[in-house]
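Worksheet: the structure to be examined is printed underneath.
Taken together, the values in this text are just the output of simple stated rules run on the coordinates, not laboratory data. All figures in this text were calculated on a predicted structure; none of them were measured in a lab. Every residue, glycine as well, gets a Cβ built from its backbone with ideal geometry; the counts of neighbours run over all protein chains shown.
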Amino acid sequence: MKRMASQGFRVLMALGIAASAAGMPGISFSQVVPPQNTITTQGHGEVKVRPDSLSVNVTVESKNAVLAAARSENNRKMQAIIAALKGLNIPNLKLETQGLNVYPIQGEYQKDKLPKTVGYQVNNNLNVSVTNASAENLGEYGSRIVDTALNAGANNVGGLNFYLTETAGPRAKALDLAVKDARNNADAMAKAADITLTGVYSIEGSPQFNMPPRPMPMYSMKAGMAAAEMAQTPVETGETSVTSDVTIRYKF
């Protein structure tokens, strides 16, 4: 039965295509086969926006011959950093532990002998984020977070990243600009070819959220440097962009 049904469908398809080609009433597949009289063009849209959020990675690294001592020191430093960051009273500040890792420290390699564990290293990574802030305040917040974390005992502070939490508006605007750009290109092509566009056959595209590559340094407290000796860390927010590229096929 399935084989007969399949054969019957192929027959109907063939009859439909033949009838359509001959201009006779029958089954039409015009929705599947693109019309010949079309123009395909592309459009691009871009919207510049200021970020409203930031994130920073704070790392505390501790080493000791005794695991318990390494963990105790690490916990003490991280607790001090968390207390200091909360004490900044920055609106919408969020602290989240990203990972706590313990690694054995191996001694020197000796031939035909397995290396001995001579100590332990404990790494605690904390993600610090601030959301829904003005671009003007973000730079100040980033600077205060970096300096406060280092002064409180962090070994490294890096991965400073600015981003936009709500992108619906800029995405819609970028798509709108891209579609209008494609239409302008199609109108210019149609005018040059002396034809009249009659509608849209197909459209493809999606917005992209792009953060311009801006290298952010890894800040660290230098050995023997007191907190008072450190200059305030300069942080600039800059701009990010939302772009959209579309491909539209017009009928004529």
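Express in nm, to one decimal, how much length is gained between VAL102 and LYS251 on full extension, taking 0.36 nm for each residue of separation and deducting their alpha carbon distance. Display every interim value, and only then the final one.
Details: separation 149, 0.36 × 149 = 53.64 nm, distance 6.42 nm.
Additional length available on full extension: 47.2 nm.
Can you tell which of ILE90, ASN123, VAL146 lies farthest toward the positive end of the dipole of segment 58-173, using +1 and -1 charges on the Cβ of basic and acidic side chains (Lys, Arg; Asp, Glu)?
Positive-most Cα among the choices belongs to ASN123.
May I ask you to list the GluC sites (Glu not before Pro) in segment 48-138 that are in a DSSP loop and have at most 12 other Cβ atoms within 10 Å of their Cβ?
Listed in order of number, the matching sites are GLU108.
Can you pull the one-decimal nm distance between simple spin-label points at SER202 and ALA68, each 7 Å off the Cα toward Cβ?
For the pair SER202/ALA68, the computed spacing is 7.0 nm.
How much net charge surrounds ILE82 when only the other residues with a Cβ under 12 Å from the Cβ of ILE82 are counted, with Lys and Arg +1 and Asp and Glu -1? Mind dumping the intermediate values first?
Working: positive: ARG76, LYS77, LYS86, LYS94; negative: GLU96.
Here the count lands on +3.
Which ordering of SER206, SER72 is given by a fewest-first count of other beta-carbon atoms within 10 Å?
Values: SER206 11, SER72 14.
Ranked by crowding around the Cβ, least crowded first: SER206, SER72.
Which order do TYR103, TYR120 fall in if you start with the one that has the fewest other Cβ atoms within 10 Å?
TYR103, TYR120
Could you name the aspartates and glutamates in cross-link range of LYS86, using Cα to Cα under 17 Å and dropping any fewer than eight places away on the same chain?
Counting by Cα, and skipping residues close in sequence, LYS86 has these aspartates and glutamates nearby: GLU96, GLU140, ASP147.
Where the only charges are on Cβ atoms (+1 Lys, Arg; -1 Asp, Glu), what is the dipole of segment 86-207 about its Cα centre, to the nearest 20 debye?
Details: 11 positive and 12 negative charges, 81 e Å.
Charge dipole of segment 86-207: 380 debye, to the nearest 20.
Reachable lysines from LYS180, Cα under 29 Å, same-chain residues fewer than 8 places away excluded?
Partners within reach: LYS48, LYS191, LYS251.
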